[in-house]
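Worksheet for the structure shown next.
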Amino acid sequence: MLGGLSALASASRSASSPGSGAIDDVLVALHEFSEIVRYLNTRRSTGAVLALDSESDVQDALYVILRSWVRDLVWETPTDKVANRFTIRDFVSRSLRLVIEAKYVRDEAHGKAISKELHDDIEVYRHSPTCDTIIFFIYDPNALIPDGRELRRTIEESRTYAGRSLTCKLVIKP
């Protein structure tokens, strides 16, 4: 846990200035998600246990974890209308040109369909002039995604649209 805290302290120093280092620090914080939740649920005090039973629960936990390190983190921002529909970005940092999408795998069918959902999100965000990076955070407590490696390969592939790069990262946590 202490190693994770040093990484998070490093994120604190660099997340205030845009750049790929700050994005890497956000990824470090997201990779510590399970450890942070475990700590909160086993701490010495008799405070509330952090139940993660829905996508909104996961979003709340992510906001608490990331807000101190990403000063301009804003939650639930509507996107522009694309292909006759609006979507809601879970979190946005304009200074980092970053969107974070949180997903909660509800059941086996959702685990199998999550790839399409992520690709649909990529299609929407590729049109956003303020998004250079999308981080997909998937909380899959029952390991219902059939092939996480293959999903990572298809999501994290190199993308360029109209001469502009879009970087996609994937974090899957049980």
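Odds and ends about this structure:
- Cα→Cβ-extended label distance, 7 Å offset, between ALA143 and ARG94, nm: 4.3 nm
- Once the Cβ-Cβ distance of ARG71 and SER158 is raised to the sixth power relative to R0 = 30 Å, the FRET efficiency obtained is 0.55.
- Among TYR161, TYR125, TYR63, the order by Cβ neighbours within 10 angstrom, fewest to most, reads TYR161, TYR63, TYR125.
Read-outs throughout are calculated quantities, based only on the coordinates presented, and are distinct from any laboratory measurement. Everything quoted here is computed from the prediction, not taken from an experiment. When we count neighbours, we look across all protein chains shown, and the Cβ atoms used for this are built from the backbone with ideal geometry, even at glycine.
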